[in-house]
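The values are calculated or read from the model by the stated rules, or taken from the named source; none is laboratory data. The structure presented is a predicted model; accordingly, all values stated were derived computationally and were not measured. Backbone-built Cβ (ideal geometry, glycine too); neighbour counts: all protein chains shown. Accessible surface areas use protein heavy atoms only, side chains included; no ligands, DNA or RNA. Shrake-Rupley method; radii C 1.70, N 1.55, O 1.52, S 1.80 Å.
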Amino acid sequence: MSGAQDTKSVYPDKQASITSFESTYKLYRQRIRTYFSVKLNPMAADDLTQQVFLKAVENLHNFRAGSNVFTWIFKIAQNTLKNEYRRLSRKKEAPFDFTAFESQSISLEFTKYVDFRIDIGAALKACNELDQEIIALRFFVDCTLPEIAKIVGMRESAVKNRLYRSLEKLRTELKEWGDITIMSIQDFISIVNKGDGEGTHQRLNKVHHDLFVELGNHVERVSSKYHHDPSRKVIIEIYPDLPTFHQAVGEADAPNWFMGTYEGNILKIVSPLNPGPKHTYQSILKSTVHLFTMWLISEINPSVPKWIRQGIGGYEAKQMTEDFIKGSTEDAIRNLEIPSFDELNNDTWDFETMKGFQFSYRFVEFVIEQYGIDTLNEVIRNPHDFNRIFQCSELELHQRMVDYLKR
């Protein structure tokens, strides 16, 4: 999203003439391309962008010294867009409606560590064409207010007033996601729905709101507990059902309990509206906290073993009840078939079969109760230094955990 400020252009135009068209192209190409993407058609954006810069080269003699380079090029883009609209009209093709373009999303902040992307197509339709244009230029094309004023031919103060009124209208349209104030663009967070099979608009609103509440109750607490301010926000993607989610993450034959994962800073979950046979609406919400916690631990130390990440994630999310953990592990504990730490580092579906989620949870519980949270933080950062942290070997520590579980 935009990082532009109202008082200072992200791309200052101090040159009195275009001295290096190659550098000008590199500087403004993406902004022009984004404009075509949201106003016309993402597939045509590259070709039309090339047309704009070819026309700019051909008309360099018309560029007035002291003018703003970007707004001069953008006027060419606007004329190119009008010509394309006329061409489509003659062919009886409708121009692309950017208010239905999934990737164009506005964001609402409730915590500094998580991004929810919300498609605002329906809300934008409440705005007139000029206001839609101003919003597109400000948030999607990254224009400053002075640039927008020149492009739309209005005073800067008038543009600012229209923008604020439009944002207030959007805030009203989007308030079903919670009583959240529209913030500045660099502080925004975003929600993405992958697919449209999740249910009605009203039901989706409830999903988004419930995720806001669940994560809002935990992410700042977890980040503070493990002494880590994330270097970037995470983004949450919601998939409409298990088959779609499994296909999207490259695990088409995954078991039904597999409902979420993370890649980089993107958490991917199945919709709570269609959780599958092994989960419930509420367990999906809690599993999102689990995934956020795992991602946080991975950012602290990318080499931390899987069972430590899983154990801390499960411990903080509390999606497994005490009765479930006890009932599902009592036979293994009684028969002394508790997996070793190496066995718990299994990265296959057997992790669930060996009760890996439960025993990883128990390990975290064991460390916190017997040694304290500071020791667990030390384990995260030095996961193989058992002798220094616990004054015992890995094998001896595992035996201590077994004795703890047998009590």
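Suppose the filter is part of a helix (DSSP H, G or I), surrounded by fewer than 17 Cβ atoms within 10 Å (Cβ to Cβ) and in contact with a His (Cβ under 8 Å, 6 or more places away or on another chain); does Asn387 pass it? Spell out the reasoning first.
Values: part of a helix (DSSP H, G or I): yes; surrounded by fewer than 17 Cβ atoms within 10 Å (Cβ to Cβ): yes; in contact with a His (Cβ under 8 Å, 6 or more places away or on another chain): no.
Here the answer is no, as Asn387 does not meet what is asked.
Per-residue answers, yes or no, for (1) over 13 Å from Leu285 (Cα atoms); (2) of a type outside the set (S, T, N, Q); (3) in contact with a strand residue (DSSP E or B) (Cβ under 9 Å, 6 or more places away or on another chain):
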residue	(1), (2), (3)
Leu204	yes, yes, yes
Val207	no, yes, yes
Leu211	no, yes, yes
Gly216	no, yes, yes
Lys225	yes, yes, no
Pro240	yes, yes, yes
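Go through region 318-351 and give me each residue that's in contact with a His (Cβ under 7 Å, 6 or more places away or on another chain) and either modelled with pLDDT of 95 or more or farther than 19 Å from His279 by Cβ (or both).
As a first pass, look at region 318-351 and keep what is in contact with a His (Cβ under 7 Å, 6 or more places away or on another chain): 319, 340-341.
Ser340, Phe341, listed by residue number.
Looking at Ile300, Ile266, Ile284, which is the one that is out of contact with any His (no Cβ under 9 Å at 6 or more places or on another chain), open to solvent by 30 Å² or more (accessible area, probe 1.4 Å) and of a type in the set (A, V, I, L, M)? Let's see the steps before the verdict.
Working: Ile300 fails: out of contact with any His (no Cβ under 9 Å at 6 or more places or on another chain); Ile284 fails: open to solvent by 30 Å² or more (accessible area, probe 1.4 Å).
Going through Ile300, Ile266, Ile284 in turn, just one is out of contact with any His (no Cβ under 9 Å at 6 or more places or on another chain), open to solvent by 30 Å² or more (accessible area, probe 1.4 Å) and of a type in the set (A, V, I, L, M): Ile266.
Just name the residue that is surrounded by the most Cβ atoms within 10 Å (Cβ to Cβ) out of those in region 335-383 that are assigned to a loop (DSSP other than H, G, I, E, B) and touching a Lys or Arg at 6+ places or on another chain (Cβ under 8 Å). If you could, list the steps in order and put the result at the bottom.
At the first step, the residues of region 335-383 found to be assigned to a loop (DSSP other than H, G, I, E, B) are 335-340, 345-349, 354-355, 372, 382-383.
From what's left, touching a Lys or Arg at 6+ places or on another chain (Cβ under 8 Å): 339, 345-347, 382.
Values: Pro339: 19, Asn345: 16, Asn346: 16, Asp347: 8, Asn382: 13.
In this case the residue turns out to be Pro339.
Taking Phe324 and the conditions (1) surrounded by 20 or more Cβ atoms within 10 Å (Cβ to Cβ); (2) aromatic (Phe, Trp, Tyr); (3) farther than 20 Å from Glu237 by Cα, which numbered condition does it fall short on, given that it satisfies the others?
Exception for Phe324: condition (1).
What strands (runs of 3 or more DSSP E) completely inside region 215-277 contain at least 2 residues that are over 23 Å from Glu352 (Cβ atoms)? Don't jump to the end; show me each part of the working.
On the way: elements: 234-239, 260-263, 266-270.
Answer list for region 215-277: 234-239.
Determine if region 164-178 includes at least one residue that is modelled with pLDDT under 55 and in a loop (DSSP other than H, G, I, E, B). Show your work before the answer.
Here is the first cut: in region 164-178, the residues modelled with pLDDT under 55 are 175-178.
Next cut, in a loop (DSSP other than H, G, I, E, B) only: 178.
Yes: region 164-178 contains one or more residues that are modelled with pLDDT under 55 and in a loop (DSSP other than H, G, I, E, B).
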